[in-house]
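Trainee: My structure is below; once you've seen it, I'll send some questions.
The values are calculated or read from the model by the stated rules, or taken from the named source; none is laboratory data. Everything numeric in this text was worked out from a predicted model, so none of it was measured. Backbone-built Cβ (ideal geometry, glycine too); neighbour counts: all protein chains shown. Side chains are part of the model used for accessible areas, which takes the heavy atoms of the whole protein and leaves out ligands, DNA and RNA. Shrake-Rupley method; radii C 1.70, N 1.55, O 1.52, S 1.80 Å.
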Amino acid sequence: MANEIWTIKRCLEWTKEYLAERGEEHPRLSAEWLLCAATGLARIDLYMRMDETLDAAQLETMHAAVVRRAKGEPLQYITGSTQFRMIDVACAPGVLIPRPETEMLVEEVLNYLDAEVLSPEAAARQRVELPWNDEVEQARKAEAALADERATAERRAASLTAADEAALGSDVLGSRAYAEELADREAEEAAAQAAEAEAMETPEPELDEYGIAIDGADQETASAQDAAAPAPAEPRIARVLEVGCGTGCISLSLAWERRDHVTCTATDIEPRAIDLATKNRDALGLTSDEVALSLTNLVSSIPREEWGTFDVLVSNPPYIPTDVMRSLPHEVKGFEPDLALEGGADGLDIFRRLLNAAPYMLRAGGLFACELYEGALDAAAELCRQAGLSDVRIVHDLTDRPRIVRAIVTEPKQRQ
């Protein structure tokens, strides 16, 4: 077999059939993922280079990957990465693999931040939207003048009889064509002079920040307001606290998609998670000021002076009920860490602790958002209401299953 020629096409087909025989749900897709990881090619490149031969190192890598996949190990652990929203995230055994549902959790946080924290304030002064500005009016007048001059030229040219043109002969200066050309030039010059005179008589109007002219008396008022107005405040930077960051996919996506507008503090109790999240942060070129990572139990490491300063507390905590853990697929139960999965009898053990911490961590109006087990969302929403949170909502995932609870802290607390 070592001397056999293995092309990309042959390896892809063989792997697909091998995995299908062992119960793989999507054998061709898995074969493509594994082959991309072994060769460094994109999926589209596989189909454009089907006749290329794999070298010995690629074959060895592919063989080891197929054996691991046949045993049920998640593809993300084998290939070492997955895509999450707009970023690539490194994955490794011991750290929970990001799920598509968690992408929706990020979306909920971004929607809140855009609407409640990062949106610009309404304009302070009334604007007058004119049907045209001064420049458009000058152009309109110039066109009218040009039309008048052309009409005059046409009348002048029409007065030349055929006999006149025959008498003039080759003297182009006297022809109808020249008369028309001359009239056009005169009209253009007259229009330009009229526009210049109009511009000298009418001062250029002041425009607001939207490029709209400020009308008449409002112009003086606006100038006075501008002179008296204080310098614009620095743009608002949103602060997000994530608990149980795993690969860092939530905080990294928030900081990446709203760079220079969002900073995150992310915690995890698992050292391998913090190491992996740090690797992912560095790969994106984000700094520790943009995403600060902390090895700690929930919020224990948050300095007291930062309590009550966060706009969002977000988490994808362990939430699988103990009884449900027994029925998880082998791919999950056999490889992903129980610490990141099991959430107690009803799946809400960690959620309750986060709910207790939220009023201390968040400012007034701050968002508390968690991804949870589908059967626990109603209970979680009721716990939020009992805790005094407002605007409690349950968000459904793409399969229409309840997946996220979100609520607003209206009365922050201070621990004595």
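Trainee: So, counting K/R as plus one and D/E as minus one, what does the shell of residues with Cβ under 10 Å around ALA92 add up to?
Mentor: +1
Trainee: What order do you get for 88-96, 308-316, 363-371 when each peptide is scored by the mean count of other beta carbon atoms within 10 Å, highest first?
Mentor: Taking the mean over residues of other Cβ atoms within 10 Å, the ranking is 308-316, 363-371, 88-96.
Trainee: In whole Å, what are the extents of segment 72-122 along the principal axes defined by its C-alpha atoms, from largest to smallest?
Mentor: On the principal axes, segment 72-122 reaches 54, 16, 15 Å in Cα extent.
Trainee: What length, rounded to one decimal in nm, is gained on full extension from GLN386 through to ILE237, with 0.36 nm per residue of separation minus their alpha-carbon distance?
Mentor: Extra length available between GLN386 and ILE237 comes to 50.6 nm.
Trainee: Still on this structure, please answer the following. Please get the size of the charge dipole for segment 27-87, origin at its Cα centre, with Cβ charges of +1 on Lys and Arg and -1 on Asp and Glu, quoted in debye to the nearest 20.
Mentor: 360
Trainee: Figure the gain on full extension for CYS36 and HIS63 (residue separation times 0.36 nm, minus the Cα-Cα span) and round it to one decimal in nm.
Mentor: Extending this stretch completely gives an extra 8.4 nm.
Trainee: Could I ask something else about it? Report the local net charge at LEU276: Lys and Arg +1, Asp and Glu -1, summed over other residues whose C-beta lies under 12 Å from its C-beta. Display every interim value, and only then the final one.
Mentor: Working: positive: ARG272, LYS279, ARG281; negative: ASP268, GLU270, ASP275, ASP282.
Taking every other residue near LEU276 into account, the sum is -1.
Trainee: Evaluate E = 1/(1 + (r/R0)^6) for GLU52 and MET86, where r is the Cβ-Cβ distance and R0 equals 35 Å; express this FRET efficiency to the nearest 0.05.
Mentor: Numbers: r = 31 Å, r/R0 = 0.87.
Step by step, r from the Cβ atoms, then E = 0.70.
Trainee: If you don't mind, another one. Just order 71-79, 240-248 by mean Cβ neighbour count inside 10 Å, highest at the front, would you? Please report the intermediate quantities before stating the final value.
Mentor: On the way: 71-79: 18.4, 240-248: 26.7.
The most tightly packed comes first, giving 240-248, 71-79.
Trainee: Would you work out if segment 300-405 is rounded, prolate or oblate? Take a ≥ b ≥ c from the square roots of the eigenvalues of the alpha-carbon gyration tensor; rounded if a/c is under 1.5, else prolate when a/b is larger than b/c, oblate otherwise.
Mentor: It is prolate, given that a/c is not under 1.5 and a/b is the larger ratio.
Trainee: Please compute, over every Cα-Cα pair in segment 248-352, the percentage with a separation greater than 18 angstrom.
Mentor: In whole percent, the long-distance tail amounts to 56.
Trainee: With each pseudo-label sitting 7 Å past Cα toward Cβ, what's the ARG22-ARG352 distance in nm, one decimal?
Mentor: A separation of 4.2 nm, rounded to one decimal place.
Trainee: Sticking with this one: What is the gain in length, in nm to one decimal, between SER327 and GLU4 on full extension, counting 0.36 nm per residue of separation less the C-alpha to C-alpha distance?
Mentor: Answer, rounded to one decimal: 112.0 nm.
Trainee: Modelling each spin label as a point 7 Å along the Cα-to-Cβ direction, I'd like the ALA292/ARG272 distance in nm, to one decimal.
Mentor: The modelled label-to-label distance comes out at 2.8 nm.
Trainee: Which of the residue pairs LYS16/LYS279; LYS279/LYS333; LYS9/LYS71 have a Cα-Cα distance greater than 30 Å in the structure shown?
Mentor: Flagged as over cut-off: LYS16/LYS279.
Trainee: Using packing as a proxy for protection, rank 57-66, 330-339 so that the peptide with the highest average count of other Cβ atoms within 10 Å comes first.
Mentor: Answer by packing, highest mean first, reads 57-66, 330-339.
Trainee: Also, I was wondering about something else. Please give the per residue accessible area of segment 275-364, computed with a probe of 1.4 Å over protein heavy atoms only, in Å².
Mentor: Details: 4130 Å² over 90 residues.
Per residue, segment 275-364 has an accessible area of 46 Å².
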